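Beneath this line is the structure, given in structure tokens, with notes to follow.
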């Protein structure tokens, strides 16, 4: 795991804070960790004696389990707190909750929170390393990094590729991290979706906005449909799921517009028949389960690096 590169970040709050060399180092570190998951005994002692606390104020399956498995595979002691069991239900502030956790001397706190900027708020108030597992509609850095890793694994590069992200761009922290990450690494990012779900300033992150899905997907190397995030919308922003699927769903016909070797990704959970059809989700071009596998390796790398790993 040794390297000449000095990773200087104590926290992982978003891809916006990482340089291209930082991202490359994380991806290389994750690649070296990935083979551990294929061993008969899936455990190494690199975080032995370290304590990792996951604090999730929103529901999660993949991300929470992925961080937990990643920590255990590096021999860390892990503890989980959810919103329903935290003292915030009794009126305690987020800062006080974090301060109390910090007083127990953990090494890493991994937090998901419905408010954008919550992880930054936390990192500015405690000395423990903080990894953002998703904050509001801001960023989801570990998902962005595992998406970069998956594309690099299948395409051999990232620079120069056309990446099409389709759907609920406004409410997707994954979209924001992916646009930042892929743009930094030299890919060309195109987005499309209902006008009500495309933020006005998304081009400032490095994306090109397309009026139609056909324009976004044409000759694309990577296609990533996103889930419509009903839980983040005060009022319905699309007429119906059926209409959305007709205009912005990824099906075989749309897939034929992309390059023949295009890959299909999805951050999950999938709404089959809405953002993509089942035959596309289960096709040979789908790398969705590969993203999940790479998620463990990326999260191993992040925890290793923030505590001073090489």
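Structure notes:
- Entry for the chain at q = 0.16 Å⁻¹: log10 I(q)/I(0) = -1.33, Debye formula applied to identical alpha-carbon scatterers, no solvent contribution.
- Relative packing of 131-141, 19-29, which averages over residues the other C-beta atoms within 10 Å, highest first: 131-141, 19-29
- In this label model, residue 201 and residue 16 are separated by 0.8 nm, measuring between points 7 Å along each Cα→Cβ vector.
- Gyration tensor (alpha-carbon) shape descriptor, segment 1-85, a/c threshold 1.5: oblate
- Taking the DSSP bridge list for the chain and keeping only pairs wholly inside it, about 5 percent are antiparallel.
- Residues 101, 108 arranged by fewest to most Cβ contacts within 10 Å: 101, 108
- Helix axis angle, 62-73 relative to the chain longest principal axis, alpha carbon, degrees: 40 degrees
- Average projection area in nm² (convex hull over Cα atoms of segment 100-239, one quarter of hull surface): 9.8 nm²
- Shape of segment 197-310, Cα gyration tensor, a/c cut at 1.5: prolate
- Principal-axis tilt of helix 288-306 within the chain, Cα atoms, nearest 10 degrees: 30 degrees
- Per-residue extension of 0.36 nm, minus the Cα-Cα distance of residue 116 and residue 5, leaves a gain of 36.9 nm for this segment.
- Spatial offset of segment 270-302 relative to segment 153-230 amounts to 16 Å, using the alpha carbon center of each.
- Among beta bridges that DSSP assigns inside segment 1-141, antiparallel share in %, nearest 5: 5 percent
- Peptides 249-262, 109-122 ranked from most to least packed give 109-122, 249-262, packing being the mean of other C-beta atoms within 10 angstrom over each peptide's residues.
- Residue 87-residue 261 pseudo-label distance in nm [points 7 Å out on the Cα-to-Cβ vector]: 5.6 nm
- Of the peptides 54-61, 198-205, the order by per-residue mean of other Cβ atoms within 10 Å, starting with the highest, comes out as 54-61, 198-205.
- Cα gyration tensor category, rounded, prolate or oblate, for segment 174-219 with a/c compared to 1.5: oblate
- Paramagnetic reach from residue 44 in segment 280-310 [backbone N under 19 Å; point 7 Å along Cα→Cβ]: 293-310
Where a number appears in this text, it was derived from the coordinates with a stated rule and is not lab data. Everything numeric in this text was worked out from a predicted model, so none of it was measured. No Cβ is skipped: glycine too gets one built from the backbone with ideal geometry, and neighbour counts run over all protein chains shown.
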